[in-house]
1. Scan segment 110-145 residue by residue and report those that are farther than 23 Å from Pro87 by Cα and either touching a Cys at 6+ places or on another chain (Cβ under 6 Å) or not in a strand (DSSP E or B) (or both).
2. If I ask for residues that are over 27 Å from the mean Cα position of the chain (by Cα) and buried (at least 16 other Cβ atoms within 10 Å of the Cβ), which ones from segment 138-151 would you list?
3. Limited to segment 51-108, what total is found for residues that are part of a loop (DSSP other than H, G, I, E, B), open to solvent by 30 Å² or more (accessible area, probe 1.4 Å), among the hydrophobic types (A, V, I, L, M, F, W, C) and farther than 30 Å from Gln146 by Cβ?
4. Please verify whether Gly174 is on the phi > 0 side of the Ramachandran plot and out of contact with any Asp or Glu (no Cβ under 6 Å at 6 or more places or on another chain), treating the condition exactly as stated.
5. Among the residues of segment 164-208 satisfying the criterion of being open to solvent by 60 Å² or more (accessible area, probe 1.4 Å) and part of a strand (DSSP E or B), which is nearest to Ser218 (Cα to Cα)?
6. Report, ordered by the first and then the second residue, all pairs with beta carbons closer than 9 Å, sequence separation of six or more or different chains, a first member in segment 52-75 that is closer than 19 Å to Lys28 by Cβ, and a second member that is assigned to a loop (DSSP other than H, G, I, E, B) and open to solvent by less than 60 Å² (accessible area, probe 1.4 Å).
7. Quick check on my filter: what residues within segment 76-94 are of a type in the set (Lys, Arg) and touching a residue at least 40 places away in the same chain (Cβ under 8 Å)?
8. List the pairs whose first member sits in segment 127-150 and is without any contact (Cβ under 8 Å) to a residue 60 or more places away in the chain, whose second member is part of a loop (DSSP other than H, G, I, E, B) and surrounded by 17 or more Cβ atoms within 10 Å (Cβ to Cβ), and whose Cβ atoms are under 9 Å apart, counting only residues at least 6 apart or on separate chains?
Amino acid sequence: TKLEEDKERIRMAYTSQGYFLARVTDSKVEMKDSGGGRLMFPPFTKTKPGKAAFLTLNIDEGRLYRLNQINFVGVKLFRTPEVLMRPLFGMGQGDVFSTEKLSKGFKNLQKYYGEFGFIDAVPEPEFNPLPDGKIDLTINVDEGKQFFVRRIDFQGNTTTRDKVIRREMLIDEGDMYNTRLWELSILRLNQLGYFEALKAEEAANITRDTKNNTVDISLKVKERGKNSIILN
């Protein structure tokens, strides 16, 4: 029942290595009797008779593709977005085109936009394979809106005062929301040892106000027991 999934995983493995048009063209499954005979090595026991499935997959690898032209559409925040290609995507013009690197690059691009308050930026790719083994890549970006911090609240700190938490925060009310500074803030809070380990993506509820381009951050913490010992 997972044969179709396996075909897709094979295709993805090829596209991650530059074979952009690779695909499984055909498959065959043969069921044959198995078991019931005497093994020729210890412990010389008989196996139960049953069926074995023999799979044959025909694969059209296609040709190896390299990245040719790179175009960004909808990008207003950066004047020369092309220079971000190699640092964020790990490949540039002339390199083997990898869909795996492209996927990771999209995540890096979204994080980079988040450092400037654009936390809802969405990139979408368009591909144009050429007959000479090159591929043109167009990245369409919906940047969304730039958000600023309106309010920061804390929950779960019964003995730790708000000001103790706030002084570890690298973003403040009125600042542009910055995902990188938020992650560093969570790291600083974890280093205090006052709370159970926090994760940047799960530690807070971030409520957007798209009309006013603001976010409200509600940070949830769970204090450690007073008898806990923290070793760093």
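The values are calculated or read from the model by the stated rules, or taken from the named source; none is laboratory data. Predicted, not measured: the structure shown is a model, and the values here were computed from it. Methodologically, a virtual Cβ is constructed for each residue, glycine included, from the backbone with ideal geometry; neighbour enumeration extends over all protein chains shown. Ligands, DNA and RNA are excluded from the accessible area calculation, which covers all protein heavy atoms including side chains. Shrake-Rupley method; radii C 1.70, N 1.55, O 1.52, S 1.80 Å.
1. The answer is Leu130, Pro131, Asp132, Gly133, Lys145.
2. We begin by selecting, within segment 138-151, every residue over 27 Å from the mean Cα position of the chain (by Cα); these are 150-151.
Arg150 - this is the single residue of segment 138-151 that is over 27 Å from the mean Cα position of the chain (by Cα) and buried (at least 16 other Cβ atoms within 10 Å of the Cβ).
3. So the answer is 1.
4. Numbers: on the phi > 0 side of the Ramachandran plot: yes; out of contact with any Asp or Glu (no Cβ under 6 Å at 6 or more places or on another chain): yes.
Against the criterion (on the phi > 0 side of the Ramachandran plot and out of contact with any Asp or Glu (no Cβ under 6 Å at 6 or more places or on another chain)), Gly174 qualifies.
5. Restricting to residues being open to solvent by 60 Å² or more (accessible area, probe 1.4 Å) and part of a strand (DSSP E or B), the top hit is Asn205.
6. Ala52/Gly35; Ile59/Ala22; Asp60/Ala22; Glu61/Ala22
7. Within segment 76-94, just Lys76 meets the criteria.
8. Hits for this filter: Gly144/Phe118; Gly144/Ile119; Gly144/Ala121.
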